[in-house]
Amino acid sequence: MLMNGKWTEDWHPVQAKDDQGRFVRQTSSVRNWITPDGRPGPTGRGGFRAEAGRYRLYVALICPWASRTLVARKLKGLEEIIAVTVVNPVLTSQGWAFGGFPGAGADPAHGARHLHELYTRADPGYSGRATVPVLWDEQTDTMVSNESADIVRMLNSAFAELAPGGPDLYPSALRADIDELNAEIYEKLNNGVYKAGFASTQLAYDEAVAGVFAMLDRLEIRLTSDFLFGERFTETDIRLFVTLIRFDAAYHGLFKTNRKRIADYPRLSAYLERVLRLPGVASTVNLGHIKAGYYSIKTLNPSGIVPAGPDHVSALLDSVG
């Protein structure tokens, strides 16, 4: 945790809680936008023009929010336009660190040891958690955004002249419906699994688990076509996918959302495989990072033992790889 630019306490998974023991997530605070001409976006200040080689994504492959941006980057064909640095999945006392794990890189621009050093580089007086993803402007040496939802929309539209093609993840005709379903999936499922895992009272846990499985049951009924909005793949599918692919490997056991597995839902299982087979999507998933990261959370797994399975998730990833 940073307080006025200084690291003040060891990292802890529970960011805040209410008086009923419910987990409360920190709100992203850096929300500038890349736009085609550098004008200001919906929030923040301007000056961030879409250019090849200017921006870098800092991500953790354990994190579903960061992985949203990786999926969007792949589907929009931005691999040669926006660089990526992957942090160590094992959470340290100072949060996300660079290097020291297979597939994790060093910070190429600043030689930082921990992600929070980039936060204070962008804002020497920053207070809050140092979260992923981070979208960094290497030209002005500052942070553009740490809000995954905004970053996905930037990647969807800002670079269209540099990398035309790929699905429109936020088509105008569906925006109201996308926004509505995004909010429901976020509250009950994307964040719902965390509310279950980090609940500090039985009431908060019971409430969260009920929401998780009510949402999964509803989505199982909804998925009568390829994707959530018929044949069109949208940002809502990205949001659902990143939670589903982690569910049986981490949330089912570690977060105690164990009424059912995704493998027990026929339509959701078929949907998960369908999304994984989209070009480039499977390459954004690293089961080793996911398990190492989640099972490094000492408050939930003091021994640090990483489970061997689940074999069905490994087999699925092997089949699409």
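The values are calculated or read from the model by the stated rules, or taken from the named source; none is laboratory data. For clarity, every value in this text was computed on a predicted model and none was experimentally measured. Virtual Cβ from ideal backbone geometry, glycine too; neighbours counted across all protein chains shown. Note: accessible area is taken over every heavy atom of the protein model, side chains too, but ligands, DNA and RNA are not part of it. Shrake-Rupley method; radii C 1.70, N 1.55, O 1.52, S 1.80 Å.
Could you give every pair whose Cβ atoms fall below 9 Å, whose first residue belongs to the stretch 116-143 and is farther than 23 Å from A50 by Cα and at pLDDT 95 or above, and whose second residue is among the hydrophobic types (A, V, I, L, M, F, W, C) and open to solvent by 50 Å² or more (accessible area, probe 1.4 Å), counting only separations of at least 6 or pairs across chains?
H116/M1; H116/W7; T120/W7
Which numbered condition trips up G321, out of (1) touching a Ser or Thr at 6+ places or on another chain (Cβ under 9 Å); (2) over 25 Å from A196 (Cα atoms); (3) modelled with pLDDT of 95 or more?
G321 satisfies all of (1) touching a Ser or Thr at 6+ places or on another chain (Cβ under 9 Å); (2) over 25 Å from A196 (Cα atoms); (3) modelled with pLDDT of 95 or more except (3).
Being closer than 26 Å to L276 by Cβ, open to solvent by 30 Å² or more (accessible area, probe 1.4 Å) and in contact (Cβ under 8 Å) with a residue 60 or more places away in the chain is the requirement here; does V84 meet it?
Here the answer is no, as V84 does not meet what is asked.
In the stretch 263-307, which residues are open to solvent by 20 Å² or more (accessible area, probe 1.4 Å), over 30 Å from Q202 (Cβ atoms) and outside any helix (DSSP H, G or I)?
R277, L278, P279, G280, V285, N286
Regarding the stretch 27-35, can at least one residue be identified that is within 22 Å of H114 (Cα to Cα) and aliphatic (A, V, I, L, M)?
Checking the stretch 27-35: at least one residue is within 22 Å of H114 (Cα to Cα) and aliphatic (A, V, I, L, M).
Scanning for something at pLDDT 95 or above, closer than 23 Å to W96 by Cβ and touching a helix residue (DSSP H, G or I) at 6+ places or on another chain (Cβ under 9 Å), does the stretch 172-187 turn up at least one residue?
Yes, there is a match, as at least one residue in the stretch 172-187 is at pLDDT 95 or above, closer than 23 Å to W96 by Cβ and touching a helix residue (DSSP H, G or I) at 6+ places or on another chain (Cβ under 9 Å).
Going through the stretch 181-240 one residue at a time, which ones are among the polar types (S, T, N, Q) and in contact (Cβ under 8 Å) with a residue 60 or more places away in the chain?
Within the stretch 181-240, N190, N191, S200, T201, T234 meet the criteria.
Determine whether A106 is at pLDDT 95 or above and either surrounded by fewer than 15 Cβ atoms within 10 Å (Cβ to Cβ) or out of contact with any Gly (no Cβ under 6 Å at 6 or more places or on another chain) (or both).
The answer is yes for A106.
Do you know which of the residues in the stretch 246-257 that are in a loop (DSSP other than H, G, I, E, B) and of a type outside the set (V, I, T) is surrounded by the fewest Cβ atoms within 10 Å (Cβ to Cβ)?
Going through the qualifying residues, I end up with K256.
Out of G230, G192, which single residue is open to solvent by less than 50 Å² (accessible area, probe 1.4 Å), on the phi > 0 side of the Ramachandran plot and not acidic (D, E)?
G230
Results for (1) under 19 Å from L61 (Cβ atoms); (2) touching a helix residue (DSSP H, G or I) at 6+ places or on another chain (Cβ under 8 Å); (3) hydrophobic (A, V, I, L, M, F, W, C), shown as yes or no for each residue.
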| position | (1), (2), (3) |
| --- | --- |
| G111 | no, no, no |
| L115 | yes, no, yes |
| V134 | yes, yes, yes |
| Q139 | no, no, no |
| I151 | yes, yes, yes |
| N156 | no, yes, no |
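Just one of the numbered conditions (1) surrounded by fewer than 17 Cβ atoms within 10 Å (Cβ to Cβ); (2) within 25 Å of G38 (Cβ to Cβ) is not true of G125; which one?
(2)
What is the residue count in the stretch 164-210 for residues that are touching a strand residue (DSSP E or B) at 6+ places or on another chain (Cβ under 7 Å) and either among the hydroxyl-bearing types (S, T, Y) or within 13 Å of T257 (Cβ to Cβ) (or both)?
5
Does K260 fit the bill of being open to solvent by 50 Å² or more (accessible area, probe 1.4 Å), part of a loop (DSSP other than H, G, I, E, B) and at pLDDT 95 or above?
Yes, satisfied.
Count, please, the residues in the stretch 35-44 that happen to be of a type in the set (D, E, K, R) and either crowded, with 16+ Cβ neighbours inside 10 Å or within 24 Å of the chain's Cα centre (by Cα) (or both).
0
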